[in-house]
Every structure is written in C-alpha cells, then in structure tokens.
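Novice: Have a look at this one.
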Amino acid sequence: MASIVDEAVNGSPAAAWDAIARRVADWAESASLPLRDVVVLVPFLQLLAPARRAFAAVGTWLPRVETTRTLTASMGPALPRGSGELGWGFAHDTLLAMQALSRQPWVADWPRRDPRGFAQAGARVVAVAEELMTAAGSVPPADRADWWQRARDLLRPLAGPGGKERLLAQVALEWAARSGGDATDRLFALRPAGWVVVAAGGDDALADALLQHGTVPALRIRTDVDPAQPFADFPLASAAPAFHVCDGFEDEASAAAAQILAHIERGETPVALIAQDRVLVRRIRALLERQGVVLRDETGWKLATTRAGASIMAILLAVRRDAAADTWLDWLKSAPFGATRASALESLEAAARKAQLAEASAFARLDLEPGAAALLVEATAIVSALARPSRRSFVEWLDALAAALEQSGALVRLRDDAAGRQALTALGLDPPLEPDRRAQLAADLEPITLAEFTRWVDELLEHETFRPPDPVDASANPVPAEVIVTPLARAMLRPFAAAVLPGADDRRLGGGVAADSLLANVTRRALGLAEPPSLRDAELLAFAQLLRLPRVTLLRRRADGADPLGDSVFVERLSLALAARGGLGDWPDPRRDRVVDAAPVRKGAPSVPAARLPRKL
C-alpha cells in the first residue's frame, strides 16, 4: 500500500485550479514521476475542462485528467448484463423486482391486496440494490466476497420489528450480489505512475479506495471547508452574498431573471442558475428565453412533463377499459390524425358534451355526422388493437405500442422532436431493440397486463430526464452559454462569474433528506452507504464552495402557497458568521419601474338605434 500525501487548497475556482495544477506538477517532480503518466481524478464531468486548462497553463506535460466514470469507459465497453441482472434501467429493474418478489412465499396476496404498495416495494428494492452494487464496486475485488458476507450478516435476523423491510433488503442484496462483474475492477488493475484525487463536496469512496489499495504514489487534494465551521474562513476581501425575501412565486422568478440579466449586461458571464426548485427554474428559464438569453440546462426536466411524454401516455390511458370520455378526447387532440380533422373532432366533442358522456365506451351510442363517425371508427380500431389481448409478453406490448403510435401518426411527430426521440429510444421503439435484447427480455419477464405495462411506461418517463440540446449558430457550432442551469453539487470549482440561487428557504436548501431506505442507518454506516446526515453535510460543503464565487445572490419567497417559508439553516449560519461584517448584503433590485401614461378607453356605444334596445337585461 502506497503512502498518501494530503494537501488542502482554498480560494476562488480559478485560483484553486491554478494552485492544484502547480502542486501536482511539483509533487510529480519531487517524486520523479512522469507527469504524462499520472492520473488526476476530478469529482464530476464538468470539471474536466477547467482542470485541463489549468494544467496546460503550467507549461508541463498534461496528466491524464478523468473522472472515475470516464476513466472506466476509456478502458473498454461496458460489461454486458446477464439475464435477470440489475442495471437495465430503473423502470425495467422495477418490473424485474416485482416479478421476483411475487414468487417469494412470504409475499402471499400482497400484489392483489395492495398493488400500489407492492409497486413501491419493488421500487425500494431496486434503489437499495443499486446502492449496494455501487458500494461493492468501491471495494477491491479481492475483498468483495467478504463485503457481501458482512452485508448478509448485518441484515439478520429476518424476524421481529422491521422484518418485512429486512426481507426486502435481503432480496435486493442477493440480486445485487449476482448482477454481473463490476466495471470498476478495471480501475483497481490500472497501474499509473501516480494517482491524484481532487476532493470536492466530500470524499469519493471509489477514488479513496484506489488510493488506499494502490501500489503507486498518491496525492489527495481537499478543497472543502470544515463542516463544523463552514464559513469561518470566508474571505474578508469578498463581498457578502446578497439576500432577498420575495413576495411570492412570480416575484421570486422575476427577481432571479432580472438579476441574471443584470449580470449579462455587465459582462459577468457565464452565470450559474442553481436549480434548487425545478418548477421555479423552469419559470425563470421561460422569462430569460423571452429576452433572447442563451442557456444551457444541465439538469433538464422529466420526460413525463414534455409534450412527447404526455402524448405517449395519452394513448395508453385511452386504452383502459374504464377510460373516461375526456381521456379519449385528450388523446384525439394530441394525436396527429385527430388534429388533421379538426372539424370532425370538434363535432365529436360537441356531441359528447351534449350527451354528457362520462365514459369513453358510450361514444358508440352517439348519433354522429359522417366525419366524426369516421374519426371514431379509426380511433376505436387503434385502441382495440392495442387493448387485446390484455396479457402479453413485454416485447409484444412494445410492438403493439409502436404500431398504435404509427397508425395515429404520433410516431412521425415524435421523431421530429428532441424529447420525442429520447422517449422513443428510452422505450426501445426507435431504433427498435436488437434481436438478442428482445430474446433476453422475453426470457427475463413474464407476460404482463396492460395496467402493468402502463405503469412501466409511466415510471420510465418519470425517471428519464430530458435535456434540451445546446443552441448552435448557422455553422452548427455550439453557442457559448450566458447562463448555465446546474444543481448545487455541480457548481463546485467551476469558474462562474456569478451565481443566482433561488429557493434558499428552509424546505429546499439544507432542509434534510427524508429517510426512506430499507436499510437502517447503522447498517448503512457499516457498509459505507450515505446516511441522511452525510448527505446534508455534502450539501453544506457544496453551498460553501458556491460562496467562493465573486458574486452570489440568494433568493427565497415568503410562502409556498399557503405554507409559510423561512430562511434556510445554511443562510442563517452564514448570516451569523458574517454578523461582525454586517451580515448578508442587501439585494439591489435591478428591475426597472416603467411609467405608463393613462390612456382611458371610452365605453363602446351600441350600433343599433336606442329605441330597439331593451330597457332591462
């Protein structure tokens, strides 16, 4: 085991990277290591560019700058997953988990008695299995068997209080343990000239394991503050962050957008828009796009909330036996074949409203004009083909959904939309699944019902994130973004000119993480899994890193609907730490008041003679 040299680096992101690059070069020279053969691991993908720029400025050989994920990918293609193994994606894994659980003797009639609770249990099994597999990947291959056995010992006994949770955790554990080899095994076999790990936002278990179990010189550079006193070393030369309490949702969105526009006008770009509140950030994004601001969104939003996701779910909901009339009308309005016959669809809806239809099955009893009747016949044929048979194999459901989307014209529209293309790829519809993958799915999954397939599609769209493509100019080159939307944990050590953090309230920033794991905290600690306190510490460290930027604005609103909001505990601690300097700065509102001259509008006069007007309405 090689000795590890620990160093600490503070300061603004630009200064920190300059110091890191010089320190690594000096360390490599003192240890007689060829710098080009040294591997430098940074916490996440967005730090590769600033790290490489800093090393290039030193004027020496450029080391290999990677994340653990990019380094693993560079050493070969991903290991293929075997039949029934974990790792095909959350929605598919949840379906596998539910079918595996239903075969357990202790489950009994749970799926029939409480289908929603049973589906949630399957999702919790997948979440724990993914955590366990990731944690096991941070253990050297030689020690991994002992780690799995220790995990099994920690989950006994299976009776007594919490017995069902431990049984579910046991299923997750055994599933994770047999789910293929770990791609990170390649990293433990790698022998660079030296390892360098840049730590930000807490320690990385895999990176630390590579240092501790390696046989080459290692350097670890910590950039975090002390979690016990996170604001004790706040630079005296820096201006205190500005803080403002807004009147409501729209006021907070307007204030954040105005502050970002003020930074852009002064040339203080790029600006980081921290996505603590995704609904609020989408509103801010809309306000900025109206002003022609170039944004890059690194967080995106759920595919389920896009028009493409809604159109896919619309046809599946229309197929249900108890589908409402409004559900059918919503589907027809979103389907291209319905939109091309606007008058027929309008006539069909008018007839349904006049008859006060509640269920879609009652459409057949309506007396319709020819165009509406033809539209109804075509729609009924599409739905009937998708609905029967009611129990199919998984790949047969995929084929039936693809056929229904094609017949309704939705497939062409989805291919022309960025979110639609991502949804089709995630579903395995376009491009279609390879024959080997289809055969594996057919072997892995038992036949399922329409309700189960619909739930699978819904979960997939809820867990897949759509990120809009970066704007490009006429020559197809990316346009430099003026605003970058990013989560707090991905803003660390990045050379932003300014940052705006809306949602700095006690619910969204530092509010704690609700524990919903099948594993007790003591078990998580013993296995090296993240606990709620450690997750909160990591958020605090990321917040402290953000304050190293030259200009930071913190915003929150007074209430969320009828629920009052208070200052984030992080903001309160920061205010106390800066009390001797006057506390947090006042926010100069950059919004301009516009004076509008009064232009009264006279009442409209009737165009008919007064004698013909009624005396009373």
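The values are calculated or read from the model by the stated rules, or taken from the named source; none is laboratory data. Everything numeric here is computed off the predicted structure, so don't read it as measured data. Cβ sites come from the backbone with ideal geometry, for glycine too, and all protein chains shown count toward neighbours. We work out accessible area using only protein heavy atoms, side chains counted, and drop any ligands, DNA or RNA first. Shrake-Rupley method; radii C 1.70, N 1.55, O 1.52, S 1.80 Å.
Novice: Taking region 304-341 only, how many residues are hydroxyl-bearing (Ser, Thr, Tyr) and out of contact with any Leu (no Cβ under 8 Å at 6 or more places or on another chain)?
Specialist: Selection size over region 304-341: 4.
Novice: Is there any pair linking a residue in region 76-87 that is open to solvent by 20 Å² or more (accessible area, probe 1.4 Å) to one that is modelled with pLDDT under 75 and of a type in the set (Asp, Glu), with Cβ under 9 Å and at least six apart or on different chains, and which?
Specialist: Cβ pairs passing all conditions: LEU79/ASP182.
Novice: Sticking with this one: Would you pick out the residues in region 494-535 that are outside any loop (DSSP other than H, G, I, E, B) and under 28 Å from ALA16 (Cβ atoms)?
Specialist: ALA498, ALA499, VAL500, LEU501, PRO502, PRO533, SER534, LEU535
Novice: Next question, about the same structure. From GLN99, GLN120, grab the single residue that is farther than 20 Å from ALA526 by Cα and in contact with a strand residue (DSSP E or B) (Cβ under 9 Å, 6 or more places away or on another chain).
Specialist: One residue alone meets the criteria, GLN99.
Novice: Given the conditions (1) outside any helix (DSSP H, G or I); (2) more than 28 Å from ALA205 (Cα to Cα); (3) modelled with pLDDT of 90 or more, and given that THR60 satisfies all but one, which numbered condition is not satisfied?
Specialist: Result: THR60 fails condition (3) only.
Novice: When you scan region 80-171 for helices (runs of 4 or more DSSP H) that lie fully inside it, which ones turn up with 2 or more residues that are among the small types (Gly, Ala, Ser) and within 26 Å of ALA442 (Cα to Cα)?
Specialist: 90-102, 115-137
Novice: Continuing with this model, one more query. Taking the options ASP436, ASP367, ASP399, ASP417, name whichever one is among the acidic types (Asp, Glu) and under 23 Å from THR305 (Cα atoms).
Specialist: Going through ASP436, ASP367, ASP399, ASP417 in turn, the sole match is ASP417.
Novice: I would also like to ask the following. So which residues in region 88-118 are closer than 15 Å to HIS463 by Cα and in contact (Cβ under 8 Å) with a residue 60 or more places away in the chain, if there are any at all?
Specialist: Residues satisfying the conditions are GLY89, PHE90, ALA91, HIS92, THR94, LEU95.
Novice: Any idea which residue in region 24-46 is farthest from ASP224 (Cα to Cα), counting only those that are open to solvent by 10 Å² or more (accessible area, probe 1.4 Å) and small (Gly, Ala, Ser)?
Specialist: The residue in question is SER32.
Novice: Are any residues in region 172-209 in contact with a helix residue (DSSP H, G or I) (Cβ under 7 Å, 6 or more places away or on another chain), outside any helix (DSSP H, G or I) and basic (Lys, Arg), and if so, which ones?
Specialist: Passing the criteria: none in range.
Novice: Please enumerate the residues belonging to region 508-521 that are within 25 Å of VAL126 (Cα to Cα) and either modelled with pLDDT under 85 or surrounded by fewer than 21 Cβ atoms within 10 Å (Cβ to Cβ) (or both).
Specialist: Once the filter is applied, which keeps residues that are within 25 Å of VAL126 (Cα to Cα) and either modelled with pLDDT under 85 or surrounded by fewer than 21 Cβ atoms within 10 Å (Cβ to Cβ) (or both), region 508-521 yields GLY512, VAL513, ALA514, ALA515, ASP516, SER517, ALA520, ASN521.
Novice: Taking the residues in region 1-23 that are part of a loop (DSSP other than H, G, I, E, B) and under 13 Å from GLN545 (Cβ atoms) as candidates, determine which candidate is least open to solvent (accessible area, probe 1.4 Å).
Specialist: VAL9
Novice: Does ARG178 satisfy the criteria of being charged (D, E, K, R) and over 17 Å from MET75 (Cβ atoms)?
Specialist: In short, yes.
Novice: Can you name every residue in region 493-507 that is open to solvent by 10 Å² or more (accessible area, probe 1.4 Å) and either at pLDDT 95 or above or within 15 Å of ALA481 (Cα to Cα) (or both)?
Specialist: Selection gives ARG494, PRO495, PHE496, ALA497.
Novice: Using the structure shown, decide if GLU462 is without any contact (Cβ under 8 Å) to a residue 40 or more places away in the chain and in a helix (DSSP H, G or I).
Specialist: Answer is no for this residue.
Novice: VAL485 versus (1) in contact with a Gly (Cβ under 9 Å, 6 or more places away or on another chain); (2) of a type in the set (Val, Ile, Thr); (3) over 19 Å from ILE260 (Cβ atoms): which is the lone unmet condition?
Specialist: Result: VAL485 passes all but (3).
Novice: What pairs can you find where one residue is in region 430-450 and open to solvent by less than 60 Å² (accessible area, probe 1.4 Å), the other is of a type in the set (A, V, I, L, M), and their Cβ atoms are less than 6 Å apart, with a gap of 6+ or different chains?
Specialist: Listed pairs, sorted by first residue: ASP430/LEU424; LEU441/VAL395; ALA442/VAL395.
Novice: I've got another one for you. Provide a single number: the residues in region 547-574 that are of a type outside the set (S, T, N, Q), assigned to a loop (DSSP other than H, G, I, E, B) and within 30 Å of ALA14 (Cβ to Cβ).
Specialist: Residues in region 547-574 being of a type outside the set (S, T, N, Q), assigned to a loop (DSSP other than H, G, I, E, B) and within 30 Å of ALA14 (Cβ to Cβ): 5 in total.
Novice: If you don't mind, there's one more thing I want to ask. Which of the numbered conditions does SER102 fail, given that it passes all the others? Conditions: (1) in contact with a Pro (Cβ under 6 Å, 6 or more places away or on another chain); (2) modelled with pLDDT of 90 or more.
Specialist: It fails just one condition, (2).
Novice: If you take the residues of region 224-250 that are open to solvent by 40 Å² or more (accessible area, probe 1.4 Å) and within 24 Å of ARG282 (Cα to Cα), which of them is modelled with the lowest pLDDT?
Specialist: ASP247
Novice: Tally up the residues in region 522-536 that are open to solvent by 70 Å² or more (accessible area, probe 1.4 Å) and either under 24 Å from ARG150 (Cα atoms) or in contact (Cβ under 8 Å) with a residue 60 or more places away in the chain (or both), please.
Specialist: The total comes to 4.
Novice: Something else about it: Pick from region 182-215 the residues that are over 17 Å from GLU66 (Cβ atoms) and surrounded by 18 or more Cβ atoms within 10 Å (Cβ to Cβ): which of them is modelled with the lowest pLDDT?
Specialist: Looking at residues that are over 17 Å from GLU66 (Cβ atoms) and surrounded by 18 or more Cβ atoms within 10 Å (Cβ to Cβ), I get ASP182.
Novice: Looking only at helices (runs of 4 or more DSSP H) that fall completely inside region 386-433, which ones have 1 or more residues that are farther than 25 Å from ALA323 by Cα?
Specialist: Result: 410-415, 418-427.
Residue-wise test of (1) closer than 22 Å to LEU132 by Cα; (2) among the β-branched types (Val, Ile, Thr).
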site: PRO43; (1), (2): yes, no
site: GLN46; (1), (2): no, no
site: VAL58; (1), (2): no, yes
site: ARG112; (1), (2): no, no
site: PHE118; (1), (2): yes, no
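For every residue, the table says whether it meets (1) of a type in the set (S, T, N, Q); (2) out of contact with any Lys or Arg (no Cβ under 6 Å at 6 or more places or on another chain); (3) touching a residue at least 12 places away in the same chain (Cβ under 8 Å); (4) open to solvent by 40 Å² or more (accessible area, probe 1.4 Å).
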residue	(1), (2), (3), (4)
PRO217	no, yes, yes, yes
ARG222	no, yes, yes, yes
ALA257	no, yes, yes, no
ALA262	no, yes, yes, no
ASP277	no, no, yes, no
LEU287	no, yes, yes, no
GLU298	no, yes, yes, no
ARG307	no, yes, yes, yes
SER311	yes, yes, yes, no
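Novice: Those residues that are open to solvent by less than 80 Å² (accessible area, probe 1.4 Å), assigned to a loop (DSSP other than H, G, I, E, B) and either in contact with a helix residue (DSSP H, G or I) (Cβ under 7 Å, 6 or more places away or on another chain) or touching a residue at least 24 places away in the same chain (Cβ under 8 Å) (or both), I need them from region 575-617; list them, please.
Specialist: Those that are open to solvent by less than 80 Å² (accessible area, probe 1.4 Å), assigned to a loop (DSSP other than H, G, I, E, B) and either in contact with a helix residue (DSSP H, G or I) (Cβ under 7 Å, 6 or more places away or on another chain) or touching a residue at least 24 places away in the same chain (Cβ under 8 Å) (or both): LEU578, GLY582, GLY583, LEU584, TRP587, ASP589, PRO590, ARG591.
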